[in-house]
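The values are calculated or read from the model by the stated rules, or taken from the named source; none is laboratory data. Everything quoted here is computed from the prediction, not taken from an experiment. We place every Cβ from the backbone using ideal geometry, glycine too, and count neighbours over all the protein chains shown.
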Amino acid sequence: MALLFVSTPARLPVWQQMFDAAGLRMIAGEAAVTDPAEVTAIACWIPPADLTRYPNLRVVLSVGAGVDHLPPLPEGVALVRTLAPGIEAMVRDWVVMATLMLHRDMPTYLQQAREGLWQSQPVRLASSRRVGIMGMGRIGGLVATSLSALGFEVAGLSRSGRDGAVPVYPTARLDEFLARTDLLVCLLPLTAETRGILGRQAFAALPRGAGLVHAGRGQHLDPAALRDALDEGQLSGAMLDVTDPEPLPPDHWMWRHPRLVITPHVAAQTDAAEGAQHAIAVMHALQSGAALPGRVDVALGY
Ligand code: NDP
Ligand code: OXD
């Protein structure tokens, strides 16, 4: 029973040391595989092209929180995502920063700074802005708590609509949720249901001048709809951490739009020790037959 590591080389020494300490076998890279039958789990962002090479493969572990980048897996191979408090805290920090940037008009001030223009905009209380968080899972819940503590009026959207620390709308009440949202935060997984959800219909349902904070996935967003909404003033600004494609080509219009601020998918980066710790928990669960932590229900369309 071994885990094949095909992720970022910089994380390798930490993983190796932690696997050795746990008494678990880890193979560093496909070139080091001598007996493919040993491999029961693969930790990766992008998996090896030919998974049929590993007859005893039971788990593919995404080294991130998302799994949408992974191809359909062979029958009998479980899909697991990394659960790590560091990922969740990092994304929370990015979303709080991005929300505050829109709340405090930073796209305008960044543009004014380029022009050497000293000009104040009206400042509003956080309590006068309604934040709407699409996706109230592990990350959305943390973000809701933090933004509520800053005084924003926060609500969420999820499939179930189960209330948490803030009121949560079910998907069936999407339009109602959007109509009460001044700053829209997307923290959804990319699925067949959520692809393109940030499009013309959603933007039109928001109050005029709303802002968009997007840390989900690039394919949630229709870029042409975003450009029109920004140019027409339906949206006043957007903060994007994810784009389609990634990397965003240097000549893409989004880099230069004055109402848009883009970061290169850096809301979170998995900490090596936290990632290894989760992988070890997965290997222990595989050994004992316990439920796999972070297992994704593929039937739900992830
Ligand atoms: P979770 O699986 O914990 O939560 C997902 C949430 O989305 C749940 O509340 C779920 O609802 C809801 N949801 C799923 N489908 C729909 C739908 N069709 N309509 C409304 N709500 C829906 O995920 P995480 O919080 O851990 O992560 C969320 C996403 O954040 C990741 O999938 C990834 O895309 C992104 N991410 C981005 C990072 C970055 O660096 N930019 C880093 C890490 C994550 P319910 O609870 O009812 O099932
Ligand atoms: C992730 C990400 O899914 O980095 O962890 O987006």
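Here is how the numbers come out for the structure above:
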item	result
Count of the range 247-279 residues which are part of a loop (DSSP other than H, G, I, E, B), over 22 Å from Thr99 (Cβ atoms) and among the charged types (D, E, K, R)	2
Evaluation of Gly156 against (1) within 11 Å of ligand 1 (Cβ to nearest atom); (2) in a loop (DSSP other than H, G, I, E, B); (3) touching a residue at least 12 places away in the same chain (Cβ under 8 Å) (one fails), failing number	(2)
Residue list for the range 167-207, filter: within 20 Å of Ala126 (Cβ to Cβ), touching a residue at least 24 places away in the same chain (Cβ under 8 Å), in a loop (DSSP other than H, G, I, E, B) and more than 16 Å from ligand 2 (Cβ to nearest atom)	Arg180, Thr181, Asp182, Leu206, Pro207
Unmet requirement for Gln277, which otherwise passes all of (1) among the polar types (S, T, N, Q); (2) closer than 30 Å to Gln17 by Cα; (3) within 10 Å of ligand 1 (Cβ to nearest atom)	(3)
Scope the range 215-246; condition hydrophobic (A, V, I, L, M, F, W, C), in contact (Cβ under 8 Å) with a residue 40 or more places away in the chain and part of a loop (DSSP other than H, G, I, E, B); matching residues	Ala215
Within the range 63-80, considering residues that are surrounded by fewer than 15 Cβ atoms within 10 Å (Cβ to Cβ) and under 12 Å from Cys44 (Cβ atoms), the one farthest from ligand 1 (Cβ to nearest atom)	Pro71
Condition broken by Ser146, with the remaining ones in (1) in a loop (DSSP other than H, G, I, E, B); (2) away from ligand 2 (no atom under 16 Å from the Cβ) satisfied	(1)
In the range 1-23, the residues that are touching a helix residue (DSSP H, G or I) at 6+ places or on another chain (Cβ under 6 Å) and surrounded by fewer than 18 Cβ atoms within 10 Å (Cβ to Cβ)	Val14, Ala22
In the range 217-253, residue surrounded by the most Cβ atoms within 10 Å (Cβ to Cβ) [restricted to those that are polar (S, T, N, Q) and either more than 14 Å from the chain's Cα centre (by Cα) or farther than 23 Å from Thr191 by Cβ (or both)]	Ser236
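Yes/no matrix, rows are residues, columns are (1) within 16 Å of ligand 2 (Cβ to nearest atom); (2) at pLDDT below 95:
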position: Ala31; (1), (2): no, no
position: Thr34; (1), (2): no, no
position: Val39; (1), (2): no, no
position: Ile46; (1), (2): yes, yes
position: Leu51; (1), (2): no, no
position: Asn56; (1), (2): no, no
position: Val60; (1), (2): yes, no
position: Val63; (1), (2): yes, no
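Results for (1) away from ligand 1 (no atom under 16 Å from the Cβ); (2) farther than 24 Å from Ala267 by Cβ, shown as yes or no for each residue.
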| position | (1), (2) |
| --- | --- |
| Ala84 | no, no |
| Ala89 | no, no |
| Trp94 | no, no |
| Met97 | no, no |
| Met101 | no, no |
| Met106 | yes, no |
| Leu110 | yes, no |
| Gly116 | yes, yes |
| Val123 | yes, yes |
